[in-house]
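**Student:** Questions regarding the structure given below will be posed in turn.
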Amino acid sequence: MKQTIMSLVIGVGLLFITGCEKIMSAGPKTEFGVSEKTASRVAVLDDATFAAQTAHGVVLVDFWATWCGPCKEQGHIVEKVAKQLGDTAKVAKLDVDQAPHMPKQFGIISIPTLIVFKDGKRVKQFEGLTQADELVAAVKAELGAAEPVAVWKKKEVGRFTLKIGDDAPDFHVRATDGKTYSLADFEKANILVVFFTCNSCPFVRGSDEVTRATATKFMEQGVAFIGINSNSESTNPADRFEAMVARMKEQSFPWVYAQDKSQDAAWVYGALRTPHFFVFDRHRKLVYTGRGVDNPRETNKMTVNDLANALEDILSGRPVRVPLTNPIGCNVKWNGKAASWMPPEACDLL
């Protein structure tokens, strides 16, 4: 394999200093490119499995080797990519020492090299150390999300949550019915209610039936509802996708219930708590955001349904009487953060 890579480099007269050419002496055969902690997220390919595993869908493959220094850092980046993509695409790695014909087959002259395959065909190739955002963007482009949601951009204090009059940001979320939804799937709705919710928060569970009644009433008038669960599965296992599917099967909620595993949607909307409601008019301008009711944990004690009032006002052609309230509930559980953590830019709406 050493001679193979060396011959390729000499033949084409190129040497990628950002990569790792196998003309260096090989070190111990220690697989450090991907940690055991996340091995289940990154599939390991070999000669026997490569063709079958890349034949269908979108697959990102990291070509690497145990002796390659830059491959170690690339391996950690690939782990992050796998977490961000979730179940939307497959992420895999292939040790070129275990498949020595692969470099020649794909024109690989240095590693790490990363290739995006779609239905078995190579559609994009990266040589050298490549960052997660570039890889995720390339994969999402092949998944039909050529303009992926802008995520984790720094926000100004007080500008974390969308403001009244802002446009509805797009999202790409997998729902319990197995479909992936975006803003375009609700284009026929006169009004769109996007609300951030979850499985376990007592403020969500306490108000689910009031939310159900509100949704049932207004759906007949052209209002669409999508509930998005952005909570980190690692922080709160009760919010894993399988549990969402089970809860929907048990409760038969009238809205779409989807998981925002990457937390892109929660970030661009500025979701503060569960539940947190965002109401958009026909032109998808934000006209109401905040709580559903004033006592979501004990709805028998509530005195006002702000969500229902806002919907009545919009459908009647009136300005929303109270367009802004503070959401009441549990804070969103962010990946890699303590359960109580909130973005420093986040603050109450009022």
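The values are calculated or read from the model by the stated rules, or taken from the named source; none is laboratory data. These figures come from a predicted structure and were not determined experimentally. Because the Cβ atoms are built from the backbone with ideal geometry, glycine has one as well, and the counts that use them run over all protein chains shown. These accessible areas exclude ligands, DNA and RNA; they are computed on the full protein's heavy atoms, side chains included. Shrake-Rupley method; radii C 1.70, N 1.55, O 1.52, S 1.80 Å.
**Student:** Restrict the check to segment 31-42 and report whether at least one residue is within 32 Å of the chain's Cα centre (by Cα), crowded, with 17+ Cβ neighbours inside 10 Å and either at pLDDT 85 or above or at positive phi (or both).
**Tutor:** yes
**Student:** While we're here: Return the residues of segment 219-256 that are in contact with a strand residue (DSSP E or B) (Cβ under 8 Å, 6 or more places away or on another chain) and closer than 16 Å to residue 86 by Cβ; say none if nothing qualifies.
**Tutor:** 228, 229, 230, 231, 239, 241, 244
**Student:** Moving to a separate point now. For segment 196-215, state whether one or more residues are part of a loop (DSSP other than H, G, I, E, B) and of a type in the set (D, E, K, R).
**Tutor:** So far as segment 196-215 goes, no, none of its residues is part of a loop (DSSP other than H, G, I, E, B) and of a type in the set (D, E, K, R).
**Student:** Sort out which residues of segment 328-342 are touching a Lys or Arg at 6+ places or on another chain (Cβ under 8 Å), in a loop (DSSP other than H, G, I, E, B) and either crowded, with 19+ Cβ neighbours inside 10 Å or modelled with pLDDT of 95 or more (or both), and write them in order of number.
**Tutor:** Scanning segment 328-342 gives 328, 329, 332.
**Student:** Tally up the residues in segment 110-131 that are in contact with an Asp or Glu (Cβ under 9 Å, 6 or more places away or on another chain) and closer than 22 Å to residue 66 by Cβ, please.
**Tutor:** Summing the residues that are in contact with an Asp or Glu (Cβ under 9 Å, 6 or more places away or on another chain) and closer than 22 Å to residue 66 by Cβ in segment 110-131 gives 8.
**Student:** Let me ask something else about it. Are there helices (runs of 4 or more DSSP H) fully within segment 223-327 with at least 1 residues that are farther than 25 Å from residue 190 by Cβ and either at pLDDT 95 or above or open to solvent by less than 50 Å² (accessible area, probe 1.4 Å) (or both)? List them.
**Tutor:** So the answer is 241-251, 264-269.
**Student:** From (1) out of contact with any Pro (no Cβ under 8 Å at 6 or more places or on another chain); (2) free of Cβ contacts under 8 Å to residues at least 60 places away in the same chain, pick out the condition that doesn't hold for residue 308.
**Tutor:** Answer for residue 308: the failing condition is (2).
**Student:** What strands (runs of 3 or more DSSP E) completely inside segment 81-180 contain at least 3 residues that are at pLDDT below 95 and open to solvent by 60 Å² or more (accessible area, probe 1.4 Å)?
**Tutor:** Where strands (runs of 3 or more DSSP E) fall fully within segment 81-180 and carry at least 3 residues being at pLDDT below 95 and open to solvent by 60 Å² or more (accessible area, probe 1.4 Å), they are 121-127.
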